[in-house]
Amino acid sequence: MPAPTWSVPTRRAPACPYCHSRTPGKAYLRQCASSCGETATHFPVSAARRGKCPHGRAPKARRVCPACGQPVPREYIEGCPWVVAVVGTAGSGKSTWLASVIRRVAKGHLDDRFPGMSLDVLGERSRLRHERDRVLVAETVLYRDIGTEPLLVSLRVRPRARPVVIAFYDSTDGTAANLAHADGLVLAVEPGAVPGDAGIARLAEAVRTARDLRPHSRIRLPLAVVLTKLDTVWDMVDPGSPLLRPVPRTGGYAVSDGVDVHHETTAWLGHWNRTDLLRGVRTAFHRHRYFATTALGDRVGGRREPMAYRVEDPLLWLLAGFGAIPVFRGVERTTT
């Protein structure tokens, strides 16, 4: 299977994360500071004089979408964001997976592979969403309704490198607007409850409709199929399986390891008689890869929080395809 080398689309005007309207960055509005009181207003960027609002004060850093009036973080507007839609049935582990990925990167657990990598949650609304999601991991609360609020993050792969801005949308079926603007798609499935050909067909049709594609055309939107809750089948996995092999220690995406995990995961799905899923994905999506992860793991050694395992793999695959991190094709050093 080839490395993720899909062509990176020309970056367009950023889509508002709330209404998805595309507006040039300079057309977003500025907002007066609270000190302007009742006279506070929204005004075009071009109306700011020496960086001041019409009242001569420093405005708020965030921007305001002229289409829907929602405040949008400045870093999001200036960062040419990538959009990742995370879909899956209720209880599939999609929300827990996403919360675990964000926590793992933000806590520096990937420093041995990406020295100095950092992650910031952008905007007050995303921070509130992030705090709510953390309960999914810290307290192992599943089946929790988290709403449709996007999670906006700024990921800096290396110190002083240009940040990669990502908007994550988490929903059961993927709303049309999210699918229409997505640059990557993550489908969360769980052992024993994997959607069959009909479920994949519905997802594919939703993507085609949202993106105005021809019926039955093969979709070029990259799809990461994530087999979640690997901890529930640990005892079934052979100790020599690629799923349990030490993670490659590279400063990018290790293709050889990804291919091994892909084939091992597809073998397990075939073992569970989910060939309909495999066939549906292969037929509908031109670019796809399978992953196996656990966001909860085992609470061993007196740990207060679970140890996530390989949850970052799907994100690294997408980042490699976006051109945000290097790709390594050979056998790489590993770390325990």
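The values are calculated or read from the model by the stated rules, or taken from the named source; none is laboratory data. Here the structure is a predicted model, which means the values were calculated and not measured. Here the Cβ is made from the backbone with ideal geometry for all residues, glycine too, and neighbour counts use every protein chain on show.
Only one of (1) surrounded by fewer than 19 Cβ atoms within 10 Å (Cβ to Cβ); (2) in contact with a strand residue (DSSP E or B) (Cβ under 9 Å, 6 or more places away or on another chain); (3) modelled with pLDDT of 85 or more; (4) not hydroxyl-bearing (Ser, Thr, Tyr) is not met by His55, so which one is it?
(2)
Of Ala67, Ala61, which residue is touching a Cys at 6+ places or on another chain (Cβ under 7 Å) and part of a loop (DSSP other than H, G, I, E, B)?
Criteria check complete, one pass: Ala67.
Looking at region 208-226, can you tell me whether even one residue there is hydrophobic (A, V, I, L, M, F, W, C), outside any loop (DSSP other than H, G, I, E, B) and modelled with pLDDT under 85?
no
Those residues that are of a type outside the set (A, V, I, L, M) and touching a residue at least 24 places away in the same chain (Cβ under 8 Å), I need them from region 238-257; list them, please.
Selection gives Arg245, Pro246, Pro248, Arg249, Thr250, Gly251, Gly252, Tyr253, Ser256, Asp257.
Does Thr266 qualify as being hydroxyl-bearing (Ser, Thr, Tyr) and surrounded by fewer than 19 Cβ atoms within 10 Å (Cβ to Cβ)?
Considered against the rule, which asks whether it is hydroxyl-bearing (Ser, Thr, Tyr) and surrounded by fewer than 19 Cβ atoms within 10 Å (Cβ to Cβ), Thr266 comes out as no.
Give region 88-108 a look and list any residue that's in a loop (DSSP other than H, G, I, E, B), in contact (Cβ under 8 Å) with a residue 12 or more places away in the chain and either more than 17 Å from Ala188 (Cβ to Cβ) or out of contact with any Phe, Trp or Tyr (no Cβ under 8 Å at 6 or more places or on another chain) (or both), or say none.
Matches in region 88-108: Gly88, Thr89, Ser92, Gly93.
With Arg30, Arg22, Arg11, Arg50 as the choices, which residue is exposed (fewer than 15 other Cβ atoms within 10 Å of the Cβ), over 20 Å from Phe168 (Cβ atoms) and at pLDDT below 90?
Of the residues listed, the single one that is exposed (fewer than 15 other Cβ atoms within 10 Å of the Cβ), over 20 Å from Phe168 (Cβ atoms) and at pLDDT below 90 is Arg50.
Is there a residue being farther than 30 Å from Arg113 by Cβ, buried (at least 17 other Cβ atoms within 10 Å of the Cβ) and in contact with a Ser or Thr (Cβ under 9 Å, 6 or more places away or on another chain) anywhere in region 210-218?
Scanning region 210-218 turns up at least one residue that is farther than 30 Å from Arg113 by Cβ, buried (at least 17 other Cβ atoms within 10 Å of the Cβ) and in contact with a Ser or Thr (Cβ under 9 Å, 6 or more places away or on another chain).
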